[in-house]
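The values are calculated or read from the model by the stated rules, or taken from the named source; none is laboratory data. As the structure is a computational prediction, the values presented were derived from the model and not from experiment. Virtual Cβ from ideal backbone geometry, glycine too; neighbours counted across all protein chains shown. Heads up: the accessible areas ignore ligands, DNA and RNA and are worked out on the full protein's heavy atoms, side chains in. Shrake-Rupley method; radii C 1.70, N 1.55, O 1.52, S 1.80 Å.
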Amino acid sequence: MNILILGGGGREHALAWAVKQNPKTDRLIVAPGNAGIAAIAECASLDIFDAGAVTAFCEENAVDFVIVGPEAPLAAGIADATRAAGILTFGPSAEAARLEASKTFTKEICDACGAPTAAWARFTEAEPARDYIRRMGAPIVVKADGLAAGKGVIVAMTETEALAAIDDMFGGEFGTAGAEVVIEEFMAGEEASFFVLSDGAHALPIGTAQDHKRVGDGDTGPNTGGMGAYSPAPVLTDALQARAMQEIILPTIAEMARRGTPYSGVLYAGLMIEDGRARLVEYNCRFGDPEAQVLMMRLGAQALDLLLACADGRLDRARVNWADDHALTVVMAARGYPGAYDKGSEIRGLEALPADSRHCTFHAGTGAQEGRIVATGGRVLNVTARGASLREARDAAYAMVDAIDWPEGFCRKDIGWRAL
Ligand code: AMP
Ligand code: GLY
């Protein structure tokens, strides 16, 4: 079959890498893709927010299956458009993607279905929000309601910080995403990510992961989109996963179906684990980045069969064939990230790296210039390896990092520390 993946980061490279290995795949096109993806798939320049352009492209290229990577086109309704055009699609409708696109919507769903999460309140004006913060005290969490590229959440350890966040949000710092603000109870504990496919009626867990949000070793410095990840996450034991399915995931899927907006796609639940119990931090309506890189490396070719079963409503008959193994990815970023950074520096040594079912350097922000690979983003490479143990996966990934010649880049040296 002909498959189109929408997106152009490390997550989409990992999806393409797994899909490519499945014998069902004939033509594989990624839009817009990047320099790493170009080595395994055709890259097409296509505005992935333009529903008319995407459906026309699918018709012209006889695309049988569309996989949507990022949340923004989902929230804008790209999966609604391709489905309406009769193309099998992996990814939720715009209505269902509100589970990521609106924090208040997710909180309402949790309240309606009884899923455990932080106590919360919603505000559309600054003064009542300030009063609430003064009454509740710190630590407390302030969130812009809408999509803010992962930057709309302030975990305030002091009241002053929380009040400043209110000023920023109602002052327009986050644009329309901040017109409505959610203030939440601070949850202590250990965070982990749980990935479940839902076809609207059935659910299939497909793995756990933990990422490293802070830029510096020892979880210091500002937050980022993620500096590394590993799978599985030992803190999410089988018992905790079963409980999270019963208390959080299945009730959410049932509530979405009850409202006439069934959730079809991957439900990525951020969980906070404390005292043997998981509470929902947030939902995302897509695979994590860089969590997808470790999940895809562990799933390999069967990922396509699972995504097809999800899109097709056949998840009740789908199974994951787990290898008892671990995967770890190290993000290499441009110096300065997550602040200002330069683009265009050359990355050398990539061609000599191992590339097989246990090793892959996924490209997140790269471009090709006269045969050279250059950095074009903040997070640039996801150096990923699999091993019989987490330690083995980590050692293999860092051996690859050491072989990359890119003086303008950096990475954390301690990915996996919590589990090791
Ligand atoms: P979100 O975008 O909602 O996932 O929030 C980003 C990050 O903020 C999460 O991954 C957590 O680390 C943190 N966070 C969000 N909500 C809470 C909460 N209620 N308590 C503690 N930490 C939180
Ligand atoms: N790595 C976090 C995310 O994809 O949201």
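Conditions (1) among the β-branched types (Val, Ile, Thr); (2) open to solvent by 30 Å² or more (accessible area, probe 1.4 Å); (3) under 24 Å from Pro262 (Cα atoms), marked per residue:
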site: Ile29; (1), (2), (3): yes, no, no
site: Ala51; (1), (2), (3): no, yes, yes
site: Gly69; (1), (2), (3): no, no, yes
site: Pro73; (1), (2), (3): no, no, yes
site: Ala81; (1), (2), (3): no, no, yes
site: Ala85; (1), (2), (3): no, yes, yes
site: Arg98; (1), (2), (3): no, yes, yes
site: Cys113; (1), (2), (3): no, yes, yes
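Restricting attention to the range 266-303 and to residues that are within 11 Å of ligand 2 (Cβ to nearest atom) and among the acidic types (Asp, Glu), the residue that is nearest to Val153 (Cα to Cα) turns out to be Glu282. Close contacts from the range 263-278, counting a first residue that is touching a residue at least 40 places away in the same chain (Cβ under 8 Å) and of a type in the set (Phe, Trp, Tyr) and a second that is open to solvent by less than 10 Å² (accessible area, probe 1.4 Å) and within 13 Å of ligand 2 (Cβ to nearest atom), with Cβ to Cβ under 6 Å and a gap of 6+ residues or different chains, come to Tyr268/Phe195; Tyr268/Asn284; Tyr268/Gly288. With the condition kept exactly as written, say whether any residue in the range 166-185 is assigned to a loop (DSSP other than H, G, I, E, B), of a type outside the set (Val, Ile, Thr), within 12 Å of ligand 1 (Cβ to nearest atom) and under 29 Å from Thr237 (Cα atoms). No, the range 166-185 contains no residue that is assigned to a loop (DSSP other than H, G, I, E, B), of a type outside the set (Val, Ile, Thr), within 12 Å of ligand 1 (Cβ to nearest atom) and under 29 Å from Thr237 (Cα atoms).
The lone criterion from (1) closer than 25 Å to Arg386 by Cα; (2) not in a loop (DSSP other than H, G, I, E, B) left unmet by Gly288 is number (2).
Under the condition of being away from ligand 1 (no atom under 15 Å from the Cβ) and farther than 28 Å from Phe90 by Cβ, the residues counted in the range 196-237 number 5. When the residues of the range 185-200 are filtered to those that are more than 25 Å from Arg258 (Cβ to Cβ) and of a type in the set (Asp, Glu), which remaining residue is surrounded by the most Cβ atoms within 10 Å (Cβ to Cβ)? Filtering first and then ranking leaves Glu191.
One residue stands out in the range 228-255 among those that are in contact (Cβ under 8 Å) with a residue 24 or more places away in the chain and part of a loop (DSSP other than H, G, I, E, B): the one that is nearest to ligand 2 (Cβ to nearest atom), namely Ala233. Restricting the search to the range 187-211, which residues are among the hydrophobic types (A, V, I, L, M, F, W, C) and part of a strand (DSSP E or B)? Passing the criteria: Ala192, Phe194, Phe195, Val196, Leu197, Ala203, Leu204, Ile206, Ala209.
Counting only strands (runs of 3 or more DSSP E) wholly contained in the range 319-420, the ones carrying 3 or more residues that are within 20 Å of the chain's Cα centre (by Cα) occupy 326-334, 359-363, 379-387. Starting from residues that are of a type in the set (A, V, I, L, M, F, W, C) and in contact with a Lys or Arg (Cβ under 9 Å, 6 or more places away or on another chain), keep the ones in the range 67-88 and report whichever is farthest from Gly9 (Cα to Cα). Looking at residues that are of a type in the set (A, V, I, L, M, F, W, C) and in contact with a Lys or Arg (Cβ under 9 Å, 6 or more places away or on another chain), I get Ala75.
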